[in-house]
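The values are calculated or read from the model by the stated rules, or taken from the named source; none is laboratory data. All of these numbers come straight from a predicted model, not from anything done at the bench. When we count neighbours, we look across all protein chains shown, and the Cβ atoms used for this are built from the backbone with ideal geometry, even at glycine. Surface areas here come from the heavy atoms of the whole protein model, side chains and all, with no ligands, DNA or RNA. Shrake-Rupley method; radii C 1.70, N 1.55, O 1.52, S 1.80 Å.
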Amino acid sequence: MTLGSGIKFNSDTADANMLDDYEEGTWTPVLKFGGASVSTTYSLQSGVYTKIGRLVHCSLRLTLTSKGSSTGSAQITGLPFGCANISANYGGGQWAFSQNWAIAATDGATSLNTVDANTSLMQLRVTSGTGYVALDDEDFGNTTDIIMTVTYQST
């Protein structure tokens, strides 16, 4: 409802509750293995985000031309905001599309990618016969192509 003094919701003025923390932008996702990305190269490396209040929604695409020589667990780093630590309420992401990687046929049906509390990085995981397993450098090829989204609460 619009009044002479501005917008009001019921009896509450909107001044203190306006969407003054709305932001859109770009970010650069980085694929790391064991926390490093030695000699990793991309033909495409892009990310966009929308932040409304503390809620952050990010999309990314990474197309490798070389996965490099780093080893260890796979992570996407460089998220535009740190993740809040709210009673283990971590953010989650889903693969929208991926190809040219070496995950076993029984794996990869579902992803559980978590943005760790107090960080700006996402751990990459997939389903396995016994639950979720972390992806590592051996699960990626030199031409892996990933499109994914993630939503989380910022600090």
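Here are some residues: G72, G47, G68, G53. Which one is open to solvent by less than 50 Å² (accessible area, probe 1.4 Å), modelled with pLDDT of 95 or more and out of contact with any strand residue (DSSP E or B) (no Cβ under 6 Å at 6 or more places or on another chain)? Just a single option satisfies the conditions, and that option is G68. Contact annotation: residue pairs with Cβ atoms under 6 Å, 6 or more positions apart or on different chains, pairing a residue in the range 130-149 that is under 16 Å from G72 (Cβ atoms) with a partner that is open to solvent by 50 Å² or more (accessible area, probe 1.4 Å) and outside any strand (DSSP E or B), are D137/T71; D139/A102.
Please verify whether the range 18-36 includes one or more residues that are at pLDDT 60 or above, open to solvent by 60 Å² or more (accessible area, probe 1.4 Å) and farther than 22 Å from T155 by Cα. No, because not a single residue in the range 18-36 is at pLDDT 60 or above, open to solvent by 60 Å² or more (accessible area, probe 1.4 Å) and farther than 22 Å from T155 by Cα. Among strands (runs of 3 or more DSSP E) entirely within the range 107-155, having at least 1 residues that are at pLDDT below 80 and at negative phi singles out 113-115, 125-128, 131-134. Checking each residue in the range 32-49 for being touching a Pro at 6+ places or on another chain (Cβ under 8 Å) and free of Cβ contacts under 8 Å to residues at least 24 places away in the same chain picks out Q45, S46.
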